[in-house]
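Below you'll find the structure, written out as C-alpha cells, and then a few comments.
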Amino acid sequence: MKNITKLIENPGWPIKRIYEKFFALKRYNLIRINTFKRFLKNTTQSNLDEYNLLIKELIEFKDIHEFVNTEYESVNITERYPPDPYSWPSFLYFFIRKTKPRIVVETGCWYGNSTIMILAALYKNNEGMLSTIDLPAYKETGGYTDENPYKREGERTIFLPEGKEPGFIVPEFLKDRWKLIYGKSTEKLPGLLNELKSIDLFLHDSLHSYENMIFEFNISYKYLKPGGYVFSDNIDWNSAFDDFSENKSAYKYLAYYESYKLKLNFGAIRKI
C-alpha cells in the first residue's frame, strides 16, 4: 500500500529505484573499493591481497562471531557477524594486526563494533592495550542524541538495549587488554592521555558535534607518537575533520553503505 501511494504521488519513483539498485549501487561499489585501495596503500603500504588475507583470519574467528550473534539475537538486533570485510571496523582489525600499536584509545563504544575489532587484533598480536571512553546511553537517562544531518530530528535519539552496557558484544576472553571508562570525553580524555603519556592510535567515534570532534582531534594529536594515526568515523557530518587536517597529511575513504551520496565518512590523519 505504501509503494502504491508513492507511485501515485510520484510516477517516476520506480525508475529512480531501478537506477539506485542497478546503476548507483554499481557506481558506489566501484568508487568505494577504489578509494579503499588508495587508503590502504597510503596508511599501511599494503595491497588488497594482503588485506584480504588478514580479513580471512577475522572471518574465521568463530568464537567472536558466535558470541556477538547470540548477544544480538537476545535483544532482537538483526545485524550479524562477521562484519562487512570493507567496513571501517574490519579495516581497524587489519590495521592493528599490520602495525601492532601498543597503546590505543577510542571514544565512543555503543554496542562495541569497533571495540571488539581492536581487541581481537590485539589478542592476535599478543600485545597492546585499549582504553575506551563512553557515556552510557541508557533509555532511563534520555539515551543519546546524535548529530547525524541525514536523519530527521525525531530519529536522532537512540539508546542501548534494556539491561545492556556499552560494549556488551565484547566476549570475556578479549577483556584482559581493555579499560572501559564511563563519562564524557571532554572530562575523561585529558586525564587519560596525561596518564598514558603517549599513544599510537586514537579513534574518535563519540559525540560527532563540531566542537567535540575538534576537541578530541586536538588533544589526542598532542599525545600521538610520530607516525601514529588519528582515525574518525562520520567525518562527513560537519567540517571538523577537514578543518583540523587542512595543514596535516590526511587520508579518507568510503567505508560502508551509509548512502548512495558517495560521502567520505571515515578518515585518518597521520602525525609526521
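Amide H contacts of residue 144 (H built 1.01 Å from N, in plane; Pro and chain starts excluded): 158, 159 sit under 5 Å, all sequence-distant by 5 or more or on other chains.
Averaging the sequence gap over all C-alpha pairs within less than 8 Å and six or more residues apart, then dividing by the number of residues, gives the chain a relative contact order of 18 percent. Bridge orientation summary for the stretch 15-270: considering DSSP beta bridges with both residues in this region, about 35 percent are antiparallel. Which residues in the stretch 168-189 place their backbone N less than 13 Å from a point set 7 Å from the Cα of residue 147 along the Cα-to-Cβ direction? What the label zone holds, given the 13 Å backbone N cut-off, is 185-186. The dipole here belongs to the chain: it is taken about the Cα centre, uses +1 on the Cβ of Lys and Arg and -1 on the Cβ of Asp and Glu, and is about 1060 debye.
Counting other beta carbons within 10 Å of each Cβ, put 70, 132 in order, fewest first.
Listed from fewest to most nearby Cβ atoms, that is 70, 132.
Within the set (1) -0.66, -1.22, -1.55; (2) -0.67, -1.15, -1.38; (3) -0.86, -1.27, -1.38, the number that log10 I(q)/I(0) by the Debye sum over Cα atoms at q = 0.11, 0.15, 0.17 Å⁻¹ takes when calculated for this structure is listed as (1).
Derived from the Cα gyration tensor, the three semi-axes of the equivalent ellipsoid of the stretch 89-177 are 28, 15, 10 Å, largest first.
A full extension of the chain between residue 210 and residue 49 corresponds to an added length of 54.3 nm, given 0.36 nm per residue minus the alpha carbon distance.
Each value in this text was obtained by applying a stated rule to the coordinates, not by laboratory testing. Predicted, not measured: the structure shown is a model, and the values here were computed from it. All Cβ positions, glycine included, derive from the backbone under ideal geometry; neighbour counts span all protein chains shown.
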